[in-house]
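Asker: Please find one structure pasted underneath; my questions will follow.
The values are calculated or read from the model by the stated rules, or taken from the named source; none is laboratory data. Remember, predicted model here, so these are calculated numbers, not experimental data. Note: ideal-geometry Cβ built from the backbone for every residue, glycine included; neighbour counts use all protein chains shown.
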(Lines give C-alpha, C1' and ligand atoms only; values in the text may rest on other atoms or scores of the structure.)
Protein backbone atom coordinates (compact mmCIF):
# COMPACT_ATOMS: atom_id res chain seq x y z
CA UNK A 1 0.00 0.00 0.00
CA UNK A 2 1.45 3.37 -0.98
CA UNK A 3 1.68 6.62 0.92
CA UNK A 4 -1.49 8.12 -0.58
CA UNK A 5 -3.55 5.00 0.12
CA UNK A 6 -2.43 5.05 3.77
CA UNK A 7 -3.19 8.75 4.02
CA UNK A 8 -6.71 8.30 2.58
CA UNK A 9 -7.40 5.31 4.83
CA UNK A 10 -6.74 7.40 7.96
CA UNK A 11 -9.99 9.30 7.40
CA UNK A 12 -12.31 6.37 6.77
CA UNK A 13 -15.26 5.58 8.98
CA UNK A 14 -16.76 2.44 10.39
CA UNK A 15 -19.50 0.69 8.45
CA UNK A 16 -20.79 -1.31 11.42
CA UNK A 17 -24.39 -0.18 10.99
CA UNK A 18 -27.02 -1.93 8.97
CA UNK A 19 -27.72 -4.78 11.41
CA UNK A 20 -31.04 -3.28 12.56
CA UNK A 21 -29.68 -2.61 16.05
CA UNK A 22 -31.47 -0.18 18.35
CA UNK A 23 -28.24 1.84 18.70
CA UNK A 24 -25.28 2.16 16.34
CA UNK A 25 -21.90 3.69 17.20
CA UNK A 26 -19.75 5.08 14.40
CA UNK A 27 -16.52 7.04 14.26
CA UNK A 28 -15.23 9.48 11.67
CA UNK A 29 -11.72 10.91 11.70
CA UNK A 30 -11.68 14.50 10.52
CA UNK A 31 -8.38 15.67 9.09
CA UNK A 32 -7.11 19.20 8.96
CA UNK A 33 -6.86 20.60 5.44
CA UNK A 34 -3.44 20.21 3.85
CA UNK A 35 -3.40 23.98 3.26
CA UNK A 36 -5.43 26.47 5.26
CA UNK A 37 -7.64 25.82 8.25
CA UNK A 38 -10.70 23.74 8.95
CA UNK A 39 -11.55 20.14 8.21
CA UNK A 40 -10.63 18.72 4.83
CA UNK A 41 -13.35 16.06 4.91
CA UNK A 42 -16.33 17.59 6.71
CA UNK A 43 -18.55 16.33 3.88
CA UNK A 44 -17.65 12.78 4.97
CA UNK A 45 -19.12 13.43 8.43
CA UNK A 46 -22.27 14.85 6.86
CA UNK A 47 -22.49 11.81 4.58
CA UNK A 48 -22.32 9.39 7.52
CA UNK A 49 -25.10 11.24 9.35
CA UNK A 50 -27.31 11.29 6.25
CA UNK A 51 -26.71 7.59 5.56
CA UNK A 52 -27.86 6.70 9.06
CA UNK A 53 -30.91 8.98 8.76
CA UNK A 54 -31.86 7.15 5.55
CA UNK A 55 -31.70 3.86 7.50
CA UNK A 56 -34.10 5.21 10.13
CA UNK A 57 -31.61 6.36 12.76
CA UNK A 58 -31.26 9.76 14.40
CA UNK A 59 -28.11 11.23 15.85
CA UNK A 60 -28.40 10.74 19.61
CA UNK A 61 -24.94 11.80 20.85
CA UNK A 62 -21.69 13.06 19.37
CA UNK A 63 -18.36 13.37 21.13
CA UNK A 64 -15.03 14.53 19.76
CA UNK A 65 -11.43 13.95 20.71
CA UNK A 66 -8.57 15.87 19.14
CA UNK A 67 -5.02 14.78 18.63
CA UNK A 68 -2.00 15.67 16.57
CA UNK A 69 -0.35 13.63 13.88
CA UNK A 70 3.34 13.38 13.17
CA UNK A 71 5.09 12.92 9.88
CA UNK A 72 4.62 14.21 6.36
CA UNK A 73 1.20 15.72 5.77
CA UNK A 74 0.57 15.64 9.50
CA UNK A 75 -1.82 17.94 11.21
CA UNK A 76 -4.54 17.81 13.77
CA UNK A 77 -7.06 15.00 13.73
CA UNK A 78 -10.47 15.07 15.36
CA UNK A 79 -12.09 11.73 16.14
CA UNK A 80 -15.88 12.14 16.11
CA UNK A 81 -17.74 9.30 17.85
CA UNK A 82 -21.46 9.30 17.15
CA UNK A 83 -24.28 7.29 18.69
CA UNK A 84 -27.34 6.86 16.49
CA UNK A 85 -30.69 5.69 17.84
CA UNK A 86 -33.24 3.76 15.79
CA UNK A 87 -36.44 5.74 15.32
CA UNK A 88 -39.42 3.59 16.33
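Asker: Any residue at all in segment 38-61 that is modelled with pLDDT under 85 and either in a strand (DSSP E or B) or exposed (fewer than 12 other Cβ atoms within 10 Å of the Cβ) (or both)?
Answerer: Within segment 38-61, the subset modelled with pLDDT under 85 is 38-42.
Next, only the ones that are either in a strand (DSSP E or B) or exposed (fewer than 12 other Cβ atoms within 10 Å of the Cβ) (or both) stay: 38-39.
Taking every residue of segment 38-61 in turn, at least one turns out to be modelled with pLDDT under 85 and either in a strand (DSSP E or B) or exposed (fewer than 12 other Cβ atoms within 10 Å of the Cβ) (or both).
Asker: Identify, by number, the condition in (1) under 12 Å from the mean Cα position of the chain (by Cα); (2) at pLDDT 75 or above that residue 14 doesn't meet.
Answerer: (2)
Asker: Residue check, residue 30 against (1) at pLDDT below 85; (2) surrounded by 15 or more Cβ atoms within 10 Å (Cβ to Cβ); (3) not in a strand (DSSP E or B), all met but one. Which one?
Answerer: The number of the failed condition is (3).
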